[in-house]
1. Can you list, by residue number, the Cys in the chain that have no neighbouring cysteine C-beta under 4.7 Å?
2. Restricting to DSSP loop positions (anything but H, G, I, E, B) with no more than 10 other Cβ atoms inside 10 Å of their own Cβ, which trypsin sites (Lys or Arg not before Pro) remain in region 8-90?
3. Mind checking region 98-181 for chymotrypsin sites (Phe, Trp or Tyr not before Pro) that DSSP puts in a loop (not H, G, I, E or B) and that have at most 10 other Cβ atoms within 10 Å?
4. Going by the alpha-carbon gyration tensor, a ≥ b ≥ c the square roots of its eigenvalues, is region 122-278 rounded (a/c under 1.5) or, if a/c is not under 1.5, prolate (a/b greater than b/c) versus oblate?
5. List the aspartates and glutamates whose alpha-carbon lies under 20 Å from that of K27, not counting same-chain residues fewer than 8 positions away?
6. Hand me the GluC sites (Glu not before Pro) from region 141-232 located in a DSSP loop with no more than 11 other Cβ atoms within 10 Å, in residue order please.
7. Could you work out the relative contact order of the chain? I mean the mean sequence separation of Cα pairs under 8 Å and 6+ apart, divided by the number of residues, in percent.
Amino acid sequence: MLLLILGFARPVFPQDAKEFANAAFLKKLNNDKSFSELKSKIVSEFAHTPAGRWGEFVNGVDEKIVTQKKIIAFTFDACGGKNGNGYDKELLDYLHKEKVPATLFVTGKWIDAQFPVFLVLSHDTLFEIENHGLKHKPCSINGESAYRIHGTANIEEAFDEIEANARKIEAITNHRPRFYRSATAYIDEACVRMASRLEITAVSYQIASGDAVPFAPEQVIEENVLRNIKPGALVIMHFNHPEWYTKEAMEKIVPKLRQMGYTFVRLKDYELTSVKSH
Ligand SMILES: [Zn+2]
């Protein structure tokens, strides 16, 4: 009886990081029929699909919210990997204190490095967790690269990058991500279609904050955002580098945008579209 009760009393959110670590989780997925059968199906469906354009704003990628109202979405990536495994706690504390909703794009690698933090963030209703890829490889069906980061080499790897991380996030949080931002935001059109086939929308951004530019001071980040602000914009920033000036810039940006009449939203609550002028 006691065992039965304990069985039911297991936490809704599993706490064991090891079983979700990229290598172990991918191995488990490959033994899972629903994953491996879908993978074979997608690989054959895309076998003769041309890669199409390679870039940040290719066909099918969304960059803004459909709206005329003064709302914008702050989106923050956590890339993971060497030099990318950090956590900008002060930034997230600031967003929380100011009640600024945000969309957080995380990789499988970053989840592995920051598992307890990830659990806390995924419970926080102010934040929406979305997919930044399993291994932070720009999504390509033929091995393109961006900023010297090697992309996925083929359809199989591209599938894992998108779908395995979606399943990993879902397994940990009970929520399947709806949006995918490829590592570096570079993606080919075949990957965009593959994501869509998996009921995931590939997104890029409309406003580059430039927080990732080496030594970008807070004034520059602030200017990049305020100068380009427009209704519905997706702003791209990072929350995995506490040594960058993202938080300091946000402390300036948020009150100024509020003064201008802007409010802040998460992607999942709105319809997205593309900016055709790119
Ligand atoms: Zn990234």
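1. So far as the 4.7 Å Cβ criterion goes, C79 stand without a partner in the chain.
2. Filter output for region 8-90: K82.
3. Passing sites in region 98-181 are Y147.
4. prolate
5. Within reach: D16, E19, E37, D112, E156, E157, D160, E161, E163, E170.
6. E199
7. Taking the mean separation of contacting Cα pairs over the length of the chain, I get 29 percent.
Read-outs throughout are calculated quantities, based only on the coordinates presented, and are distinct from any laboratory measurement. These numbers were taken from a predicted model, which means no experiment stands behind them. Every residue, glycine among them, receives a Cβ derived from its backbone with ideal geometry; neighbour counts consider all protein chains shown.
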